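Have a look at this one.
What follows draws every value from the coordinates through simple rules; no lab data is involved. Just so it is clear, the model here is predicted, and its values are computed rather than measured. Cβ placement follows ideal geometry from the backbone for every residue including glycine, while neighbour counts extend to all protein chains displayed.
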Amino acid sequence: MTDYDKTVEWWKKRNIKTDAELAEAMNGHGILLAYHSGKIENDNITYNDTREIFDHDGVTSYTGDLRTLFEIRNLKDAYELMLTSFGSHREIDEKLIKEFQYKLTQNTYDTRRWQLGERPGEYKRHDYITGRNEIGASAEDTPEEMSELIEEFRELPEDKAITVAAYFHAKFENIHPFADGNGRTGRMVMNYLLLYLGHPPIIIHEEDRKEYYKGLEAWDENQKLDVLIDFLKEQTVKTWKKQVEK
């Protein structure tokens with residue numbers, strides 16, 4: 001049995017059913033999940049600021065920019081949405097995805113995006129460059145492509161959670177449905193999807209972002225999913241290693 005298989009088996013044995021049980025199981029991992037996800041795209045985010053906001057709903061002696069502060073607070077709101085959605089067994093649909101994105105980007109859209117008519121919680125109205133060789137789905141095609149992705153998810157095998165999550169995440173990032181916050185939204189939705197399928201959530205560690213991007217690029221360029229699947233398995237083990245070894 002691989003370390004990844006042991007980690008999934010360990011999680012399933014916990015038989016977590018409620019949001020309270022999930023919050024207890026996460027026990028500090030929520031802060032780490034938010035910190036690493038935020039820092040992947042915003043290097044100004046610090047662990048100490050994230051912990052203060054999670055623990056005390058504010059920070060002391062903060063000297064950074066306001067957008068970073070809002071982003072950290074939004075990560076906490078999105079994490080809490082993940083917990084409550086798990087507790088009420090909400091299905092993954094476009095409404096929930098838009099809700100996650102709204103939580104993650106409220107008060108952070110810049111003036112240019114706002115003037116272009118972009119709003120948190122709504123699909124993009126314009127096209128944006130999303131990566132080295134990608135521009136994402138066109139604004140016109142985004143609603144249809146997201147609808148198709150949701151339908152595909154409902155037909156994918158639940159007993160292969162990591163494959164389903166990798167496929168969903170790669171396709172979501174390839175579509176890039178929002179004007180901002182696609183990375184944070186995609187990672188949060190992926191984790192909710194994993195929990196929904198009985199799999200432990202995964203912290204994508206910011207120090208491993210290059211390997212993470214390689215996994216996404218392998219899908220963008222060649223529709224190869226194995227690179228991202230292998231990466232997510234490694235991150236699963238890394239996330240829960242200390243707890244599994246106890």
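Give me a count of the residues in segment 31-59 that are among the charged types (D, E, K, R) and either assigned to a loop (DSSP other than H, G, I, E, B) or within 19 Å of residue 185 (Cα to Cα) (or both).
Within segment 31-59, residues that are among the charged types (D, E, K, R) and either assigned to a loop (DSSP other than H, G, I, E, B) or within 19 Å of residue 185 (Cα to Cα) (or both) number 4.
Can you tell me which of (1) assigned to a helix (DSSP H, G or I); (2) surrounded by fewer than 21 Cβ atoms within 10 Å (Cβ to Cβ); (3) not aromatic (Phe, Trp, Tyr) is the one residue 180 doesn't meet?
Just one mismatch for residue 180, condition (1).
Evaluate the following for residue 233: is it touching a residue at least 60 places away in the same chain (Cβ under 8 Å) and within 19 Å of the chain's Cα centre (by Cα)?
Here the answer is yes, as residue 233 does meet what is asked.
Please determine whether any residue of segment 60-72 is within 17 Å of the chain's Cα centre (by Cα), among the hydroxyl-bearing types (Ser, Thr, Tyr), within 30 Å of residue 19 (Cβ to Cβ) and not in a loop (DSSP other than H, G, I, E, B).
No, segment 60-72 contains no residue that is within 17 Å of the chain's Cα centre (by Cα), among the hydroxyl-bearing types (Ser, Thr, Tyr), within 30 Å of residue 19 (Cβ to Cβ) and not in a loop (DSSP other than H, G, I, E, B).
Among the residues of segment 11-30, which ones are over 27 Å from residue 55 (Cβ atoms) and either in contact with a Gly (Cβ under 7 Å, 6 or more places away or on another chain) or not in a loop (DSSP other than H, G, I, E, B) (or both)?
Answer for segment 11-30, where residues must be over 27 Å from residue 55 (Cβ atoms) and either in contact with a Gly (Cβ under 7 Å, 6 or more places away or on another chain) or not in a loop (DSSP other than H, G, I, E, B) (or both): 12, 13.
Taking the condition out of contact with any Ser or Thr (no Cβ under 9 Å at 6 or more places or on another chain) and either surrounded by 20 or more Cβ atoms within 10 Å (Cβ to Cβ) or on the phi > 0 side of the Ramachandran plot (or both), does residue 27 pass?
Yes.
Right, here's the next one. Within segment 215-246, which residues are of a type in the set (A, V, I, L, M) and either more than 12 Å from residue 166 (Cα to Cα) or in a helix (DSSP H, G or I) (or both)?
Listed by number, the residues that qualify are 216, 218, 227, 228, 229, 232, 237, 244.
What tally of residues in segment 185-209 results from selecting those that are of a type outside the set (Val, Ile, Thr), assigned to a helix (DSSP H, G or I) and touching a residue at least 40 places away in the same chain (Cβ under 8 Å)?
9
Please return the ranges of helices (runs of 4 or more DSSP H) entirely within segment 82-172 where 1 or more residues are surrounded by 14 or more Cβ atoms within 10 Å (Cβ to Cβ) and in contact with a Lys or Arg (Cβ under 8 Å, 6 or more places away or on another chain).
Helices (runs of 4 or more DSSP H) meeting the threshold: 94-105, 142-155.
Residues in segment 33-66 that are of a type outside the set (S, T, N, Q) and crowded, with 17+ Cβ neighbours inside 10 Å: how many?
Going through segment 33-66 one residue at a time, the tally reaches 14.
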